[in-house]
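See below for the structure under consideration.
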4 protein chains.
Amino acid sequence: MEKYCRQVFYYETDKMAIVHNANYLRIFEEARLYFMDRIGVSYPLVEEAGILIPQVDAYVRYHQTLKYGDEFYVEVRLVEFNGARMKYQYEIHRASDDELTASGFTSHCFVDEEKRLPKNLKRILPEAFEKMKAAIEN
Amino acid sequence: MEKYCRQVFYYETDKMAIVHNANYLRIFEEARLYFMDRIGVSYPLVEEAGILIPQVDAYVRYHQTLKYGDEFYVEVRLVEFNGARMKYQYEIHRASDDELTASGFTSHCFVDEEKRLPKNLKRILPEAFEKMKAAIEN
Amino acid sequence: MEKYCRQVFYYETDKMAIVHNANYLRIFEEARLYFMDRIGVSYPLVEEAGILIPQVDAYVRYHQTLKYGDEFYVEVRLVEFNGARMKYQYEIHRASDDELTASGFTSHCFVDEEKRLPKNLKRILPEAFEKMKAAIEN
Amino acid sequence: MEKYCRQVFYYETDKMAIVHNANYLRIFEEARLYFMDRIGVSYPLVEEAGILIPQVDAYVRYHQTLKYGDEFYVEVRLVEFNGARMKYQYEIHRASDDELTASGFTSHCFVDEEKRLPKNLKRILPEAFEKMKAAIEN
């Protein structure tokens, strides 16, 4: 598990004065790429090796709202990974009171950048594969 | 069911040259508000009556990619509604070949704008309630 | 001059309940690419020919606000073009009362997609060059 | 002058694989609100006092591109302020080589949240007024 923190930006709010629902998928992405970076798997390097990691599906549950200026932290866990696919779980908490504001998951597959055919990280980036493998949390 | 159409904007793409995953929740929102407008329930009027309709949860499955300039249509269905909550299902199709590019659902509740307490559309906007009721598709 | 129209999306608003200031550059882009399409210069085809058209500078003046649901139209004019650079002017009007809500300009250059070196449309896409030339308005 | 830093998010890129032009206005906003916070003028508190600070105009010049993962810093300066209006200048630099990637300015006015009539910070938040006044850099 890694913990990613920042404050809500003004432009992330909508006319309800809360973070717009679509921005939670952006925050999940920030947290996920931070997670990969923290375990030593740089996503820019993965892409340079010719691998893209598009999203397969995503789920968000909105528990509480976040407002402009709120500090929050995301607890992000890699819960599945086999070199060809992976799945993350997320919990977004307001920092001031630790309140759970949103939770969810995203699934991803590994593909080549040309034809978007399946790729396995094990063959292309074996070191990254091992780091990911070691970071799985059940 | 209502059908909402438009083209992909350039700024909706990311460095994979496809519509970024978070933008699908924005497209769902466009389609949903279009649906309400089409059945005669104007969302601006709902908000003027003091009701907000935040998102409770959301799911997206990404089947195919959409690229800049692609025309697409969203088939949007109201599948649950009881005045206090509602649920929509979405299918996004590429217009050129009718390929399903994404599908999913969103759930919503009705709350007052001050304290975010539950509200029932039946009491506050009975006419809108009836129109929504009649538009449910199972 | 071409006229590009649509409604404000919910997610374009911020907590001031108006279209967020950064979204005007997105609307300019929509209008600009619509303009090119209307005069017969498809931007996807330009990119397929290996040309990118990054923005060099941009100016926006915010006269009035736009709210969720407002219909607006953009009057977009190509005011300069020489094959290597171009400049557009924009006026965004609220449709209900023709009020000018924003105005501005953007400048662009033509570069190759690899090294981002200057390119001239005249040599690579002479037909597109002529169409652009003919569309200049002073 | 204050210095605001962060990394480029994946979703900020477009199909040219660079930060999309509209996102620079968002980055300007992040830097500006960080500036106000740093000099002791909390924007959430300003809004609670019933004052909004919409944008009057904005200019961006794009010198170099920023890519996903790039660290950057924004040098933000308050160059004009009289209680009713203010103007900021921005320089965005890539952190790795200090290269100037974008520069620009934004102007703002102070209005009340109801009728959007002009307001003067001096009368409503005199302490914030003095802090702003002291932070002007010519």
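Filter segment A:3-17 for residues that are more than 7 Å from every other protein chain (Cβ to nearest Cβ) and either more than 12 Å from the chain's Cα centre (by Cα) or within 22 Å of A:Pro126 (Cα to Cα) (or both) and give the result.
We begin by selecting, within segment A:3-17, every residue more than 7 Å from every other protein chain (Cβ to nearest Cβ); these are A:3-8, A:12.
A:Cys5, A:Arg6, A:Gln7, A:Val8, A:Glu12 - these are the residues of segment A:3-17 that are more than 7 Å from every other protein chain (Cβ to nearest Cβ) and either more than 12 Å from the chain's Cα centre (by Cα) or within 22 Å of A:Pro126 (Cα to Cα) (or both).
So that you can scan it fast, the table gives a plain yes or no per residue for (1) buried (at least 19 other Cβ atoms within 10 Å of the Cβ); (2) hydroxyl-bearing (Ser, Thr, Tyr); (3) touching a residue at least 12 places away in the same chain (Cβ under 8 Å):
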site	(1), (2), (3)
A:Tyr4	yes, yes, yes
A:Leu25	yes, no, yes
A:Glu47	no, no, yes
A:Gly50	no, no, yes
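Of the residues making up segment A:6-22, those that are surrounded by fewer than 23 Cβ atoms within 10 Å (Cβ to Cβ) and of a type outside the set (D, E, K, R) are A:Gln7, A:Val8, A:Phe9, A:Tyr10, A:Tyr11, A:Met16, A:Ala17. Scanning segment B:18-28 for residues that are more than 16 Å from the chain's Cα centre (by Cα) and among the hydrophobic types (A, V, I, L, M, F, W, C) yields a count of 2. I'm trying to understand the selection: among the residues of segment A:5-42, which are closer than 19 Å to B:Glu12 by Cβ, in a helix (DSSP H, G or I) and in contact with an Asp or Glu (Cβ under 9 Å, 6 or more places away or on another chain)? Scanning segment A:5-42 gives A:Tyr11, A:Glu12, A:Asn23, A:Arg26, A:Ile27. When the residues of segment A:87-135 are filtered to those that are among the β-branched types (Val, Ile, Thr) and within 25 Å of A:Leu45 (Cβ to Cβ), which remaining residue is surrounded by the most Cβ atoms within 10 Å (Cβ to Cβ)? Taking the candidates together, the pick is A:Thr106. Screening segment D:18-31 for residues that are in contact with a Phe, Trp or Tyr (Cβ under 7 Å, 6 or more places away or on another chain) and among the aliphatic types (A, V, I, L, M) and picking the one that is farthest from the other protein chains (Cβ to nearest Cβ) gives D:Ala31. A search for C-beta distances below 8 Å between a residue of segment C:109-132 that is in a loop (DSSP other than H, G, I, E, B) and any residue that is surrounded by fewer than 15 Cβ atoms within 10 Å (Cβ to Cβ) and acidic (Asp, Glu), counting only pairs 6+ apart in sequence or on different chains, returns C:Lys119/C:Asp112. How many residues are over 18 Å from the mean Cα position of the chain (by Cα) and in a strand (DSSP E or B) when one looks only at segment A:99-108? The number of residues fulfilling the criteria is 0.
Select from segment B:4-63 the residues that are within 30 Å of D:Ile18 (Cβ to Cβ) and small (Gly, Ala, Ser) and write down the one among them that is modelled with the lowest pLDDT. Reasoning before the result, please.
Of the residues in segment B:4-63, the ones within 30 Å of D:Ile18 (Cβ to Cβ) are B:5-31, B:58, B:60-63.
Checking which are small (Gly, Ala, Ser) leaves us with B:17, B:22, B:31, B:58.
Working: B:Ala17: 95, B:Ala22: 98, B:Ala31: 98, B:Ala58: 98.
Filtering first and then ranking leaves B:Ala17.
Does segment D:54-77 contain at least one residue that is assigned to a helix (DSSP H, G or I), within 13 Å of chain C (Cβ to nearest Cβ) and buried (at least 17 other Cβ atoms within 10 Å of the Cβ)? So far as segment D:54-77 goes, no, none of its residues is assigned to a helix (DSSP H, G or I), within 13 Å of chain C (Cβ to nearest Cβ) and buried (at least 17 other Cβ atoms within 10 Å of the Cβ). Looking at A:Val41, is it within 9 Å of chain B (Cβ to nearest Cβ) and either touching a residue at least 40 places away in the same chain (Cβ under 8 Å) or buried (at least 17 other Cβ atoms within 10 Å of the Cβ) (or both)? So A:Val41 fails the test. Within segment C:59-96, the set of residues being more than 24 Å from A:Asp14 (Cβ to Cβ) and of a type in the set (A, V, I, L, M, F, W, C) comprises C:Val76, C:Leu78, C:Val79, C:Phe81, C:Ala84, C:Met86.
The values are calculated or read from the model by the stated rules, or taken from the named source; none is laboratory data. Note that this is a predicted model, so its numbers are computed, not measured. Heads up, the Cβs are rebuilt from the backbone with ideal geometry, glycines too, and the neighbour counts pull from every protein chain shown.
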